[in-house]
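Down below is the structure, laid out as structure tokens.
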Amino acid sequence: MPDEFSIIARLRRVIPSRAGVHAGADVPLGIGDDAAVVHCAAGNEWVLSTDAFVEGSHFLARLHPPDAVGYKALARAASDLAAMGAAPRHFLLTLALPGRRTGAWLDAFARGMAVAARRFQMRLIGGDVSRHTHVVAALTVIGETRTGRALTRSGARPGDALYVSGRLGAAQAGLDLMLRKGAAAVARRQRLSYSLNRHLYPEPRLALGAWLASEQLASAAMDLSDGLSTDLPRLCRASGAGAVLHTAAIPSVLDAPSSQRLPAHLKDAAVFRRALDGGEDYELLFTVPARLSARIPPSFRGVPLTRIGEITAKRNITLLDASGNDRPLRTRGYDHFAAS
Ligand SMILES: [Mg+2]
């Protein structure tokens, strides 16, 4: 296995990074010392989050292309910054991997992470590499926001409108497809389906989060990592409230452009469950006070924004269908490979 220094040097060459001393810059001290030093603009504050992407739990090295592993490791972590309405800035990478993954696999991993870093405008400012039986990519991400403007889960109030971005269930549909068809489907990547793309290369809603925060439109927000039926109760608990969900309004993956050819009868219960329970869409779930909801457009930069319900004083969560029938929401914990 190559030594840690040479691996970090290889990562640094590919991934946008800051190394050494840069007097007066926003990163006065980057990679190469015991720790990095970063500078925050006056009137702003840091927003920090960490996320571990673990082989066997979150991805399968035999199935998932290494560039997608590198891309998604950073995208998942950056999504938490989107949820807070923070502008992404810097990240630190703690990487553990077996010797057999330090060659071509690591180069592809770094290329994927570099694509994500450029897309999200983030720079690597530190890292640590060690040997392990499985790949673990632990990312610490640092974002910036105006002081006091970070979006939280706890601000939803009864009467607020509940919105979601994008289409739900797409990433789960992509994972199901990959587990069913195996690596062959992934190998034909130039023809990736919409859902497979959403599973392998999720798009954290950074611009949307930043806009909601700067316009002070959202009373609460979070990103959907574990599925609506798991994450909505978290937002409601944090806010000390409940919600009514309008089931007919929940935008599912079959409403996506690539699926419009499918006949209506396929929009069945299974598709609905995937929209409700499927994980890893990394869309934003947010609430808007009623007096501000007219300012939420039908889409933001091409991403649909859909009103799916309301926050209630009653603390339970109710599903309400188009005929007016209601039933309680059942939470199914999201398990990546429960089907495998
Ligand atoms: Mg989150």
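The values are calculated or read from the model by the stated rules, or taken from the named source; none is laboratory data. Bear in mind the structure is a predicted one, so any value in this text is a computation, not a measurement. With ideal geometry, Cβ positions are generated from the backbone for all residues, glycine too; neighbour counts draw on all protein chains shown.
For the reader, a short list of remarks on this structure follows.
- Filtered by the rule that a residue be in contact with a Pro (Cβ under 9 Å, 6 or more places away or on another chain) and of a type outside the set (A, V, I, L, M), region 1-40 gives R10, H22, H39.
- Restricting region 92-108 to residues that are in contact with a Phe, Trp or Tyr (Cβ under 9 Å, 6 or more places away or on another chain) and of a type in the set (A, V, I, L, M, F, W, C) leaves a set whose member that is nearest to V38 (Cα to Cα) is L95.
- Residues being small (G, A, S) and free of Cβ contacts under 8 Å to residues at least 60 places away in the same chain - total across region 7-39: 7
- The listed residue being within 17 Å of the chain's Cα centre (by Cα) and over 30 Å from W211 (Cβ atoms), out of F53, F91, F59, F109: F59
- Hits in region 194-237 (condition: crowded, with 24+ Cβ neighbours inside 10 Å, in a loop (DSSP other than H, G, I, E, B) and either of a type in the set (D, E) or in contact with a strand residue (DSSP E or B) (Cβ under 6 Å, 6 or more places away or on another chain) (or both)): R205, A218, L224
- Complete set of residues in region 209-229 that are within 15 Å of the ligand (Cβ to nearest atom) and of a type in the set (D, E, K, R): D223, D226
- In region 59-88, the residues that are of a type in the set (S, T, Y) reach residues that are in a loop (DSSP other than H, G, I, E, B) with C-beta atoms within less than 6 angstrom, at least six apart or across chains, in these pairs: Y71/Y201; S79/P204; S79/Y282.
- Residue within region 301-313 that is closer than 19 Å to S229 by Cα and loosely packed, with under 15 Cβ neighbours inside 10 Å present: yes
- Test: G242 is out of contact with any strand residue (DSSP E or B) (no Cβ under 6 Å at 6 or more places or on another chain) and surrounded by 21 or more Cβ atoms within 10 Å (Cβ to Cβ): no
- Checking region 34-56 against the condition returns no match, with no residue being in a helix (DSSP H, G or I), more than 16 Å from the ligand (Cβ to nearest atom) and charged (D, E, K, R).
- Qualifying residue in region 230-244 (condition: farther than 12 Å from D281 by Cβ, touching a helix residue (DSSP H, G or I) at 6+ places or on another chain (Cβ under 7 Å), at pLDDT 95 or above and more than 13 Å from the ligand (Cβ to nearest atom)): yes
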